[in-house]
1. Could you look through the stretch 8-67, keep only residues that are among the polar types (S, T, N, Q) and out of contact with any Asp or Glu (no Cβ under 8 Å at 6 or more places or on another chain), and pick out the one that is farthest from Arg82 (Cα to Cα)?
2. For the subset of the stretch 29-42 comprising residues that are open to solvent by 60 Å² or more (accessible area, probe 1.4 Å) and either under 14 Å from Val95 (Cα atoms) or hydroxyl-bearing (Ser, Thr, Tyr) (or both), which member is nearest to the chain's Cα centre (by Cα)?
3. So Phe25 passes all but one of these: (1) surrounded by fewer than 16 Cβ atoms within 10 Å (Cβ to Cβ); (2) of a type in the set (Phe, Trp, Tyr); (3) at pLDDT 80 or above. Which condition number does it fail?
4. Could you list, in sequence order, the residues of the stretch 61-86 that are over 18 Å from Ala35 (Cα atoms), open to solvent by 50 Å² or more (accessible area, probe 1.4 Å) and either touching a strand residue (DSSP E or B) at 6+ places or on another chain (Cβ under 9 Å) or of a type in the set (Asp, Glu) (or both)?
5. Only one of these is free of Cβ contacts under 8 Å to residues at least 40 places away in the same chain, touching a strand residue (DSSP E or B) at 6+ places or on another chain (Cβ under 9 Å) and of a type in the set (Ser, Thr, Tyr): Thr27, Thr48. Name it.
6. Might you check whether a residue that is modelled with pLDDT under 85 and either of a type in the set (A, V, I, L, M) or surrounded by 16 or more Cβ atoms within 10 Å (Cβ to Cβ) (or both) occurs anywhere in the stretch 43-60?
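The values are calculated or read from the model by the stated rules, or taken from the named source; none is laboratory data. Because the structure is predicted, anything quoted here is derived from the model rather than measured. Reconstructed Cβ throughout: ideal geometry from the backbone, glycine too, with neighbour counts over all protein chains shown. Accessible surface is based on the protein model in full, side chains and every heavy atom, while ligands, DNA and RNA are left aside. Shrake-Rupley method; radii C 1.70, N 1.55, O 1.52, S 1.80 Å.
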Amino acid sequence: GGVVSTDPLGIDIAFAINLRPAGVFVTDVRADGAAHRSGQLFKGDVITRIDGRALTSAVSKADAAAMLLGPPGTEVALEVLRPNSKSGNSESVQVAVRRLFVALA
């Protein structure tokens with residue numbers, strides 16, 4: 001399914017539950033968003049855990065988006081798989097991003 005915008009983090013995501021491991025694919029990191037400011041989350045990362053909870057096929061898209069969104073000003077702990085361009089393998093990385101307050105137009 002489609003791409004979902006998670007404004008407090010400033011990322012666009014697509015759900016990739018059929019991947020092994022399952023996860024949320026980061027399709028874009030928007031300039032001036034929380035993820036961009038943190039310098040820790042990148043386009044192409046696959047989020048496999050949110051605040052310690054593994055993303056499996058049992059986690060719905062709505063649940064995963066809600067876990068990512070959370071209250072502005074709070075921090076979300078993510079485990080991501082990041083492609084390593086040198087080795088060709090993916091490595092697991094721990095990331096913490098503070099959610100921003102977002103004014104909805």
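1. The extreme case among them is Ser60.
2. Once the filter is applied, the top-ranked residue is Phe42.
3. Only one criterion in (1) surrounded by fewer than 16 Cβ atoms within 10 Å (Cβ to Cβ); (2) of a type in the set (Phe, Trp, Tyr); (3) at pLDDT 80 or above is unmet by Phe25, namely (1).
4. Lys61, Asp63
5. Being free of Cβ contacts under 8 Å to residues at least 40 places away in the same chain, touching a strand residue (DSSP E or B) at 6+ places or on another chain (Cβ under 9 Å) and of a type in the set (Ser, Thr, Tyr) holds for just one of Thr27, Thr48, which is Thr27.
6. Yes, there is a match, as at least one residue in the stretch 43-60 is modelled with pLDDT under 85 and either of a type in the set (A, V, I, L, M) or surrounded by 16 or more Cβ atoms within 10 Å (Cβ to Cβ) (or both).
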